[in-house]
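Presented below is the structure to which this report refers.
The values are calculated or read from the model by the stated rules, or taken from the named source; none is laboratory data. Please read these numbers as outputs of a predicted model, since none were measured by experiment. Here the Cβ is made from the backbone with ideal geometry for all residues, glycine too, and neighbour counts use every protein chain on show. For accessibility, only protein heavy atoms count, side chains too; no ligands or nucleic acids. Shrake-Rupley method; radii C 1.70, N 1.55, O 1.52, S 1.80 Å.
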Amino acid sequence: MRRQLHPLSVMLPLFVALALIYAYAVPILEAPDESKHVGLLEHLARTGELPIQSADVQAAAGTLYAQEGSQPPLYYLLAMQVYRLFDRSDFDAVRLENPHAIIGDPSARGNQNHILHDALYPPPLYGTALAIYAVRLFSIACAAVTVFAVYQAARLVVPSRPGVPVLAAGLVAFNPQFVFISASVNNDNLVAALNSLVIWQALVLMRDGFSSRRSVGIALLMAFASLTKLSGLVVIPLVGAVALWTAFRRRTWRDLLLLGVLTVGIWGIIAGWWYARNVILYGELFGTRRMLDIFGRRPAPPFTELITSEFTGLRMSFWGLFGWFNVFTLQPFYRVMDIVSAVGVVGVMAVLWMRRRDPEQGARLAFLIGIVAGGLFSLAAWTSQTAASQGRLMFAYIAAIAVLLAMGLRQWRIPPLVILIPLGMFAAAVPFITLIPTYAPPPALAALPATASVDGRIFRDWRLAGYQVAPGRWSPGDLIPITLYWQPIRRSDQDYSLFIRLLDQYDNRLDVITTYPGHGSLRTSTWEPGRIYADEYTLRVPDGIDLLTNPPIPLRAYVGYWKFPEGDSIDPVGEDGSPAPFVILDLGGLPTSAALPEPQYTLDPPIAFGDQVALSGYTFTDGVLSLHWRVMADWSESWRVFAFALDGAYADQQVVAQADAPPDLSTRYWRSGDAYMTIHDLAAQGAPAPGRYSVYIGWYTTDYPARLAVSAPGAVDNAYPVVEWQVTD
């Protein structure tokens, strides 16, 4: 008979392969707090001593490790044995932070990279980078232990249903967020492994009863977990409840006492010293007050916020919110996993009801639910003090979560592979559809695309070779794409910051992007002369613009450079070094929905200019002429309105005042049915001598000599005499 493969013999290699792909796709120090975890390793390797967290918040925050210096040390002490084997003389250069990074905001447009990287794909395998990748391998090994322990725990809870262990282990191994954290330097990986082993062994205790070896093992695991992260403490009371229940069922009180003595003694020897150190140094057992001093406190959020926005972030980041809590993957994935989670939770409730008369199974389920509840309670308590609603913080209890979820899903007879195959495929796709595209710098081009507008203005060591915009009619909330093509003239020895400002007609800033080029991934000092870099951005039209009360709003992009943070801006110059105009690009605009004021005089029928626009009315007061226009057909060019006052006949062309004006919103973006008004202040030049003057209006373009045709009484040379201007003393 052919021997069947053990599920773990397939799942564990697949998980390790996935984790290695994530380790490749995620640049070093781009996982949550990885730079600080590595900073603590560097401190330990340099000094051989645990850090003492300073009461000076600024001094503490400026250390290599910041708040992570308050963490229990076991993960770092073990990882350091790997880390210190490598040359790290380039540590400071590798850890250079992106000054424009947007941390904790997954809606950010670019600058998700916390660190400035000179080489990404393939990643650098030397110096500090190689040391970090080696520690990531240690983390992956810890995570593989977690997958193993989850499978074993599920076998104990439902030994008669082999699909549950497979599904439980797969929900861990193919969870994109778990794989992402597993491939990073993070103490979550060790505490998840140790807590999962504790949960497994506690279930063994419930099934098989006490033994001296098992009691020593459980006590050791709990002590190690407590020395890895404070979340290792959460499982201890639940294990105590399991031991009490087992002793009661089997009447083995002496064994319960032995486990208690072993737990206290071993915990005191292995972990107690660190907690005593906290009391001596900081006057507190856990060191969390000092950690909060450094990381930052916040007022406790309202309960409604905890169960809405905070819970939303928690559940999304349990399955896949990457980077420094600032990189979403495909939105449908979150909705699918919400459905899977909801089906699983309802299934667990069904299992509880069906097994309500089974005390053994009820106790196992109560233990697992207690672990999850304890984890959620501790996380809620921590979140009430600081911003920490991250799903990875529940990975310390993932064995209980995965087993319960798998039981609930299998309650509806859902085959494990129906969930695991698509989940695994998506987890394998995330590095290629989300992670690498997020961090990869813009491509270098051999030539400017034919669709780009040629420019040529020079900013110090590089020129704006061209740009690509798509001017149009926009609405509040729209994203306006813009691509800039940079061409280095020579290698720059400085990193300069780029700004792109979305301006209205009054130069108000509607949106601002400040960044190193390439959304922070392409520093000017790394540019290679002669190449062209395509730099893509989107500007956001603010949501709050009220088009019912505002006039039409033309939109422009103002592009420039300056030396961050305090340096002067760089003015563009031409090829000959002479000053050049600032880079201001037309982006179109927002048409108005506001009702125009009633004109002083209404024209019936309106006066048509070509087939494009009609004058429906006007107001003329003290030399100021307001013209009301009704658009008859879509426009594709920019036209202006002329208005001038003549002394005498039109043929004499004796202009005494002129006030040409373009519409607020270029006619290129006018559409049939729109209504606009243009204002012409003829008196702004000073009122002419007393007399009677004819005011003519019309439409013309500066792109080529042309006026819109007008056929109306008195019209001459496509100029319409709209009003007589009587000037008195």
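Along the axis of the charge dipole computed for the chain (Cβ charges of +1 for Lys and Arg, -1 for Asp and Glu, origin at the Cα centre), the listed residues SER453, PRO551, PHE295 are led at the positive end by PHE295.
Ordering GLY520, ILE266, TRP639 by the projection of their Cα atoms onto the charge dipole of the chain, which places +1 on the Cβ of Lys and Arg and -1 on the Cβ of Asp and Glu, puts ILE266 at the extreme positive end. Scaling the Cα radius of gyration of region 280-356 by the globular reference 2.2 N^0.38 Å produces a ratio of 1.60.
For VAL327, the residues whose modelled amide H falls within less than 5 Å of its own, excluding neighbours fewer than 5 places apart on the same chain, are PHE322. In a fully extended conformation the segment linking GLN505 and VAL261 would gain 80.2 nm over its present Cα-Cα distance, using 0.36 nm per residue.
Defining a contact as two alpha carbons under 8 Å apart and six or more residues distant in sequence, what relative contact order in percent does the chain show?
Working: 1373 pairs, mean separation 77.1, N = 729.
Taking the mean separation of contacting Cα pairs over the length of the chain, I get 11 percent.
Counting 0.36 nm for each residue step from LEU547 to THR728 and taking away their Cα separation leaves a gain of 61.2 nm.
In region 406-512 the Cα-Cα distances spread across 5 Å bins starting at 0 as 2, 8, 11, 13, 13, 13, 10, 7, 6, 6, 6, 4, 2, 0 percent of all pairs.
By the Kirkwood approach, averaging reciprocal distances over each pair of separate Cα atoms, region 242-281 gets a hydrodynamic radius of 11.5 Å. Per the Debye calculation on region 145-244 with a single equal scatterer at every Cα and no solvent contribution, log₁₀ I(q)/I(0) for q = 0.11 Å⁻¹ amounts to -0.34.
Kindly provide the trypsin sites (Lys or Arg not before Pro) of region 633-729 that DSSP labels as loop, not H, G, I, E or B, and whose Cβ sees at most 12 other Cβ atoms within 10 Å.
Values: sites: ARG640, ARG668, ARG671, ARG692, ARG707; in loops: ARG671.
Listed in order of number, the matching sites are ARG671.
Quick note on region 94-172: its Rg to Rh ratio, both from C-alpha atoms and Rh being the Kirkwood radius, is 1.21. Using a probe of 1.4 Å on the protein chains alone, the accessible area found for LEU352 is around 70 Å². Here the calculated FRET efficiency for VAL716 and ALA440, from their Cβ-Cβ distance with R0 = 45 Å, stands at 0.10, rounded to the nearest 0.05. Most tightly packed first, judged by the mean number of other beta-carbon atoms within 10 Å of their residues, the peptides 622-635, 81-94 read 622-635, 81-94. In the chain, the longest principal axis of the Cα atoms and the axis of helix 235-250 are about 40 degrees apart. By the compact-protein rule of thumb, 2.2 N^0.38 Å, the alpha-carbon radius of gyration of the chain corresponds to a ratio of 1.29. Whole-Hz Karplus values for region 172-187 come out as 8, 5, 10, 6, x, 5, 5, 5, 4, 5, 4, 8, 10, 7, 6, 6 Hz, taken residue by residue from phi with 6.51 cos²θ - 1.76 cosθ + 1.60 and θ = phi - 60°; glycine and proline positions read x.
Kindly express, to the nearest 10 degrees and within the range 0 to 90, the angle between helix 7-25's C-alpha long axis and the longest C-alpha principal axis of the chain. With rounding to tens, the tilt is 40 degrees.
Kindly provide the helix-only [θ] at 222 nm of the chain, computed as the sum of -39,500 (n - 2.57) over DSSP H runs of four or more divided by all residues, to the nearest 500 deg cm²/dmol?
Dividing the helical sum by the residues of the chain leaves -12000 deg cm²/dmol.
Normalised by 2.2 N^0.38 Å, where N counts its residues, the alpha-carbon radius of gyration of region 1-53 equals 1.88. About its Cα centre, the dipole of the chain is roughly 5680 debye, where the only charges are +1 on Lys and Arg Cβ and -1 on Asp and Glu Cβ. With angles folded into 0 to 90 degrees, how steeply does helix 188-208 sit against the dominant principal axis of the chain? Use alpha carbons for both and round to 10. Helix 188-208 sits roughly 40 degrees off the main axis of the chain. With the alpha-carbon atoms of region 346-437 aligned to their principal axes, the span from lowest to highest coordinate is 53, 41, 17 Å, starting with the largest. The longest stretch of the chain left intact once loop-based GluC sites (Glu not before Pro) with at most 10 other Cβ atoms within 10 Å are removed from consideration, loops following DSSP, is 50-565. Using 0.36 nm per residue and subtracting the Cα-Cα separation, the extra length available between VAL512 and TRP562 on full extension is 16.6 nm.
Estimated at the nearest 10 Å², the accessible area of ASP478 is 50 Å² with a 1.4 Å probe. With a Förster radius of 60 Å applied to the beta-carbon distance between ALA429 and ASP660, the computed FRET efficiency rounds to 0.55.
With the gyration tensor restricted to C-alpha atoms of region 20-170, the semi-axes of the equivalent ellipsoid amount to 32, 20, 17 Å, longest first. The alpha carbons of region 326-398 give a radius of gyration and a Dmax of 15.4, 46 Å, in that order. Sorted on the mean count of surrounding Cβ atoms within 10 Å across their residues, most packed first, peptides 373-384, 146-157 read 146-157, 373-384.
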